[in-house]
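Report on the following structure.
The values are calculated or read from the model by the stated rules, or taken from the named source; none is laboratory data. Given the structure is predicted, the values throughout are model-derived calculations rather than measurements. Heads up, the Cβs are rebuilt from the backbone with ideal geometry, glycines too, and the neighbour counts pull from every protein chain shown. All accessible areas refer to the heavy atoms of the entire protein, side chains included, with ligands and DNA or RNA removed. Shrake-Rupley method; radii C 1.70, N 1.55, O 1.52, S 1.80 Å.
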Amino acid sequence: MVKAKSWVMTKHFDGFPKKSDFGLKVEELPEPKDGEVLLEAVFLSVDPYMRPFSKIYMKEGDVMIGGQVAKVIQSKNPAFPVGSHVVSDSGWRTHTLSDGTGLIPVLPEWPKDVSLSLALGAIGMPGLTAVYGIEEVLGLQKGETLLVNAAAGAVGSVVGQIAKIKGCKVVGSAGSDAKVAYLKELGFDEVFNYKTVGSLEEALRKASPEGYDCFFENVGGPSSDVVLQQMKNFGRIAVCGSISTYNDSQPQTGPYPYFTMIIKELKMEGFLQSRWEHKHHETLKRLLAWVKEGKLQCREHVTKGFDNMPAAFMGMLQGENTGKAVVAV
């Protein structure tokens, strides 16, 4: 018998999450039956989507949703031998009994000197999101100018680097001078701290006086309207996130950018990476190759200890992380 810890959402979040919204549970798991495996979490993910998705997909008392990299410690399923590693949507649990459904083996060619935590970041869901937003939604072309906000986050930092690989001009916005410096290290052409610029409109115009072909939107809220004013005609917007609104007690209204979209003939499309699940394996291999070639740099914000999951989650929502936020068990 294995003692398994899990974090549950004791009540739906009202505004910004509080420590009291989470509860730690301990249970004993039985031995695996035929076809089952016992997983032990190695790294767990905290992501912005967990905040709005908890309201849509969770009931009070449910284990918090989320991905993890886990080691198979017992197996009665030949597809998942003991000692192998998988990516799993098991949520905030230290141990999970699984029949194998939905488990994704870590790529067999994964180098020993690359942390498995990247399977939750640049070589995982955020990396997939970046690739599909750029290629499938925006159709970004060599020589175009791309704007990405929350650019030092798990998705944004990968978006900018892939755009540079594709030969584009990349402008990024972030929320601290340290993050701005990091993005310049990554090769972004222009970067600014949106918290300290006097005018977002002026900062955008200075970074790219000719305007923007594409916009990778991670933030939402009133700033989006400012960006749309500076899109080129026939510009494209990929709507990936809206983190500025996730903790609002009351839904925001506006801005209403429809006239701007009509006049400039803009295309705006929301998306989830799961739409292209049939491409995941090959896309992950491309991301891993870019990492191995040194074309894709990966920074992580690592919190140690399963007991610190809620703190890591709330810190991520406040922008404490540069790159991907993960918890090491």
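Could you work out the pair-distance distribution P(r) of the stretch 206-315 from its alpha-carbon pairs, with 10 angstrom bin width and percents rounded to whole numbers?
Computed distribution, short to long bins: 11, 26, 32, 25, 5, 0.
How would you classify the stretch 125-273 from its alpha-carbon gyration tensor, with a ≥ b ≥ c the square roots of the eigenvalues: rounded for a/c under 1.5, else prolate if a/b is greater than b/c, otherwise oblate?
Rounded, because the longest to shortest axis ratio a/c is under 1.5.
With r as the distance between the Cβ atoms of Val26 and Trp276 and R0 = 30 Å, compute the FRET efficiency 1/(1 + (r/R0)^6) and round to 0.05.
It comes to 0.20.
Measuring from the lowest to the highest alpha carbon on each principal axis, how far does the chain reach, largest first, in angstroms?
For the chain, the Cα extents along the three principal axes come out at 63, 44, 34 Å.
If you average the alpha carbon positions of the stretch 146-171 and of the stretch 185-200, how far apart do those two centres end up, in angstrom?
13 Å
Could you compute how much accessible surface Lys76 exposes when probed at 1.4 Å, giving the result in Å² to the nearest 10?
Answer for Lys76: close to 110 Å² accessible.
Quick one: pull the percent of accessible area on the stretch 146-201 belonging to carbon and sulfur, 1.4 Å probe, ligands and nucleic acids left out.
47 percent
Please compute the alpha carbon radius of gyration of the stretch 86-164, then divide it by the globular-protein estimate 2.2 N^0.38 Å. Two decimals is fine.
The value comes to 1.33.
Taking the alpha-carbon centroid of each part, what is the distance from the stretch 61-112 to the stretch 206-222 in angstrom?
Using only Cα atoms to place each centre, the spacing works out to 38 Å.
Quick one: check the C-alpha center-to-center distance for the stretch 19-44 versus the stretch 256-321, whole angstrom.
26 Å
For a label point 7 angstrom out from the Cα of Asn233 toward its Cβ, which stretches of the stretch 111-155 have the backbone nitrogen within less than 13 Å?
Counting only backbone N, you get no residues.
Got a number for carbon plus sulfur as a percent of the stretch 14-62's accessible area, 1.4 Å probe?
Carbon with sulfur: 54 percent of the solvent-accessible area.
Stretched out fully, how many nm does the piece from Glu265 to Gln141 gain, at 0.36 nm a residue minus the Cα gap?
Result for the pair: 42.8 nm of gain on full extension.
Please give the net charge around Asn233, taking every other residue with its beta carbon less than 9 angstrom from that of Asn233, where Lys and Arg add +1 and Asp and Glu add -1.
Local net charge: +1.
Each residue of the stretch 277-285 in order: what ³J(HN,Hα) in whole Hz does its phi give by Karplus 6.51 cos²θ - 1.76 cosθ + 1.60, θ = phi - 60°, with x for Gly and Pro?
Coupling constants for the stretch 277-285: 3, 5, 9, 4, 4, 5, 5, 4, 5 Hz.
Please state the relative contact order of the stretch 125-273 as a whole percent: Cα pairs under 8 Å, 6+ residues apart?
With pairs under 8 Å counted, the relative contact order is 23 percent.
Could you work out the equivalent-ellipsoid semi-axes for the stretch 30-150, taking the square root of 5 times each eigenvalue of the Cα gyration tensor, largest first, in whole Å?
30, 20, 12
For the stretch 142-154, take each phi angle, set θ = phi - 60°, evaluate the Karplus expression 6.51 cos²θ - 1.76 cosθ + 1.60, and give the result in whole Hz per residue in order, putting x for glycine and proline.
Once rounded to whole Hz, the list reads 3, x, 7, 10, 10, 10, 10, 9, 6, 6, 9, x, 4.
Can you tell me the accessible area per residue over the chain, all protein chains present, probe 1.4 angstrom, in square angstrom?
Computed with neighbouring chains in place, this is 47 Å² per residue.
Which net charge results when you count Lys and Arg as +1 and Asp and Glu as -1 among the other residues whose beta-carbon is under 15 Å from that of Ala41?
Taking every other residue near Ala41 into account, the sum is +2.
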